[in-house]
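Below is one structure, written out as structure tokens; the observations come after it.
Read-outs throughout are calculated quantities, based only on the coordinates presented, and are distinct from any laboratory measurement. All values derive from a computational prediction rather than experimental measurement. Glycine also receives a Cβ, built like all others from the backbone with ideal geometry; neighbour counts cover every protein chain displayed.
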Amino acid sequence: MLNRAALILRYNQAFVDWINAVDPSPRSHVLRLNDVNDEHTIYLLDGVESKDELQNWSTDPALWPKGRSLELLKRWCSLELHTVVVDTGRSKIREDGMSESDFWTPAPSPALLV
């Protein structure tokens, strides 16, 4: 068992609307809710938090919504928290070639993704 909790984000329609609104190629394929929920990002939590889920869809912070909060996150995503995480693999857990700073930053507070 790992000393981590797993947080799964499932996007709601409001998040998909934002993704389509900030798409730099408006003539590209318009995403639907089921398109973006085929696979999920799973965050292993232990005193760290994601820099921002928005960064996965738009690297320009100027396009991110102002006043981000836990309430906004709950409107845009459904959250699924699992406090028991079991590692059944035999090999060591290793990085995938990217540095930790690409994804993680120390949490200034216990709040998630705000």
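This ranking places VAL16, VAL36, VAL86 by how few other beta-carbon atoms lie within 10 Å of each, fewest first, which gives VAL86, VAL36, VAL16. Here the extension length gained between ARG68 and ASN37 equals 9.0 nm, from 0.36 nm per residue of separation less the Cα-Cα distance. With the convex hull drawn around the C-alpha atoms of the range 5-88, the volume per residue stands at 116 Å³.
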